[in-house]
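Peer 1: Take a look at the following structure, please.
The values are calculated or read from the model by the stated rules, or taken from the named source; none is laboratory data. Just so it is clear, the structure is predicted and the values come from calculations on it, not from any experiment. We place every Cβ from the backbone using ideal geometry, glycine too, and count neighbours over all the protein chains shown. What goes into the accessible areas is simple: the full protein's heavy atoms, side chains included, and nothing from ligands, DNA or RNA. Shrake-Rupley method; radii C 1.70, N 1.55, O 1.52, S 1.80 Å.
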Amino acid sequence: MSMTTDTTTRRGRVRVEHGAKRVRAYFGGEVIADSTRPLLVWEKPYYPTYYFPAADVRTGLLVPDGGTARSPSRGDGRTFTLMAGGIEAGGAAVRYEQSPFEELRDAIRLEWDAMDAWFEEDEQVFTHPRDPYTRVDILSSSRHVRVEANGVTVAETAKPTLLFETQLPARYYLPRTHVRMDLLERSETMSHCPYKGRAEYWSLRTGEDLLRDVAWSYPTPFPESQKIAGLVSFYDEKVDVYVDGVLRT
């Protein structure tokens, strides 16, 4: 069951739903917004953005900065500079007071990356809000997986763990003992996923060639994704991944 109500408004590819989670946004060491009735707005097809009822935002910390955010679906919005804790962030908030979406007219959008931290209930969320319609299934498998790059077999196993995530390609996570870790070089790249946690990356060296950030792992994933902890996955967009002898394309 999703954590939204059954009220949905659509215009073009954008849709608006009423959420049920308590959502908080922090900036400058202060709580800027705290709401148990956030709006989820799918401005992009893959995940939603949070909008807060104005009454749940500390609007006294918002100063109009004369900017305009234009959207063919949401209308023109006024932008605000956020000032708290002795620091400020320009354009960190937007209000669409004349929006074709009635729900957005009294709502405020806080820029995700401008905030110090976001919480859904008492759990911090990274990268973007969790989509209530995204499902992540992690399954043990006996399929034969082989990873090859420049004619070199980099990994091979008959004990992969398969991860299926809504709207994304299946990923194959392999035990490190079945991976040529001697060919991998730790990268400085890191990323965060709201469903899996923090990922670290490796580049692959074969001869004189260095393929950057071809593999990743979640050393300490969120509890719901513990089955991939410490396993290694490869981008089949960057190397050749064969599953039961068939090259993934």
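Peer 1: Residues of segment 125-152 with backbone nitrogen within less than 15 Å of a virtual label 7 Å along the Cα-to-Cβ line of Arg13, please, listed as ranges.
Peer 2: Backbone N within reach: none found.
Peer 1: Could you order Glu102, Glu43 by accessible surface area, starting with the largest, using a probe radius of 1.4 Å?
Peer 2: From most accessible down to least: Glu102, Glu43.
Peer 1: Between segment 224-249 and segment 177-205, how many Å separate their Cα centres?
Peer 2: 12 Å
Peer 1: Over all pairs of distinct alpha carbons, what does the Kirkwood formula give as the hydrodynamic radius of the chain, in Å?
Peer 2: About 20.4 Å for the chain.
Peer 1: How much accessible area per residue does segment 136-216 have, in Å², with a 1.4 Å probe?
Peer 2: Heavy-atom SASA per residue in segment 136-216 reads 50 Å².
Peer 1: Just flag the GluC sites (Glu not before Pro) in segment 115-224 sitting in loop per DSSP whose Cβ has no more than 14 other Cβ atoms within 10 Å.
Peer 2: Sparse-neighbourhood loop GluC sites (Glu not before Pro): Glu121, Glu208.
Peer 1: Follow-up question, since we're still on this one. What ranking, highest mean first, results for peptides 17-25, 64-72 when packing means the other Cβ atoms within 10 Å averaged over each residue?
Peer 2: So the peptides 17-25, 64-72, ranked by packing, come out 17-25, 64-72.
Peer 1: Is segment 31-89 rounded, prolate or oblate when judged by the Cα gyration tensor, a ≥ b ≥ c being the square roots of its eigenvalues, rounded requiring a/c under 1.5 and prolate requiring a/b larger than b/c?
Peer 2: oblate
Peer 1: For a test of the definition: using alpha carbon positions, the gyration tensor, and the 1.5 limit on a/c, classify segment 170-249 as rounded, prolate or oblate. Display every interim value, and only then the final one.
Peer 2: Details: a/c = 1.81, a/b = 1.29, b/c = 1.41.
Oblate shape, in that a/c is at least 1.5 and b/c is the bigger or equal ratio.
Peer 1: A further question follows. At 1.4 Å probe size, with no ligands or nucleic acids counted, give the accessible surface of Thr206 in Å², nearest ten.
Peer 2: My reading of the accessible area for Thr206 is about 20 Å².
Peer 1: Right, here's the next one. Under unit Cβ charges (Lys, Arg +1; Asp, Glu -1), what dipole magnitude, rounded to 20 debye, does the chain have relative to its Cα centre?
Peer 2: Dipole size: approximately 500 debye.
Peer 1: Kindly report, to the nearest 10 Å², the accessible surface of Lys227 as traced by a 1.4 Å probe over protein heavy atoms only.
Peer 2: 110 Å²
Peer 1: Then there's this: Specify, per residue and in Å³, the volume enclosed by the convex hull of the alpha carbon atoms belonging to segment 5-152.
Peer 2: So the per-residue Cα hull volume is 191 Å³.
Peer 1: Can you give me the solvent accessible area of Met115 with a 1.4 Å probe, rounded to the nearest 10 Å²?
Peer 2: Only protein atoms counted, so the area is about 20 Å².
Peer 1: Further, regarding this structure: Sum up the charges of everything whose Cβ sits under 12 Å from the Cβ of Leu184, counting Lys and Arg as +1 and Asp and Glu as -1, but leave Leu184 out.
Peer 2: Around Leu184, the surrounding residues sum to +1.
Peer 1: Share of the chain's accessible area from carbon and sulfur, percent, 1.4 Å?
Peer 2: C and S fraction of accessible area: 48 percent.
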